1. Using the C-alpha atoms of the stretch 63-209, what convex hull volume per residue, in cubic angstrom, is computed?
2. Given a Förster radius of 41 Å and the C-beta distance between SER100 and ALA62 as r, what FRET efficiency does 1/(1 + (r/R0)^6) yield to the nearest 0.05?
3. Below 8 Å between Cα atoms, with a sequence gap of 6+, how large is the relative contact order for the stretch 108-210 in percent?
4. On a full-extension model of 0.36 nm per residue, what is the gain between ARG172 and ALA147, subtracting their alpha-carbon distance, rounded to one decimal in nm?
Amino acid sequence: MIPKMARVTQREGSDSTRYGASPLTEVTRALFGEPLTMSELNDRMFGTSFELGPRDQPNLAATWLGSIGYERYREVDDFVRQLAKAGVERLIDVRELPISRRRGYAKTALREALEGAGIEYVHMRDLGNPKPYRDLYKSGQTQAGRAKYSRLLLAERRDALIELQQKVTEKRSALMCVEHDQGVCHRDVIIESLQDELGVDLLVAALADS
């Protein structure tokens, strides 16, 4: 980092410019690796905008990805409204079976409700959580359920994960399942796998909390 310096001026009648007790050329050589004239120094210090390094640059390339469960939405219209509010263009259903006792959340009815708001519906069955693993989650054995689903996803369903990567980068998308809390849902494993295994830079938004 370049230390702050006052604007340098040359003394009238002097054949060299000094900063403290050192000649200008010695100071600029020490600071910049090359001798500079007074004009060049002033331009360098005050007339040039220094570019930010890579670590200072804001990350504008991250892919936005919403995460939502319909557990707390009794009415599908409220659910769709929340997605529209977040600007979602594609809803990706990661339930193994896109059925529900709650009216409006079965595959066909949900697709129709979403289409009415201009949101595309996609069901990715291969990303669904098999019943034995869902039962582990439901019984409170979340870590065991996560571990088993993660092994299945990476060992046998990696192609589906790669397909998901393409889908979430094509359009502003959200992953949907049942659970309100992403931490007790397999979509948390899916999102972590996109980031850690495929290296996708994600900006994840918990839509149910917005």
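1. Spelled out: Cα convex hull of the stretch 63-209, divided by residues, is 98 Å³.
2. 0.80
3. Averaging sequence separation for qualifying contacts and normalising by length gives 21 percent for the stretch 108-210.
4. On the way: separation 25, 0.36 × 25 = 9.00 nm, distance 2.85 nm.
Contour length minus Cα-Cα distance gives 6.1 nm.
All of the numbers you see were taken from the coordinates with simple rules; none came from a lab. Because the structure is a prediction, the values reported are computed rather than measured. Counting neighbours? That spans all protein chains shown, and the Cβs are built from the backbone with ideal geometry, glycine included.
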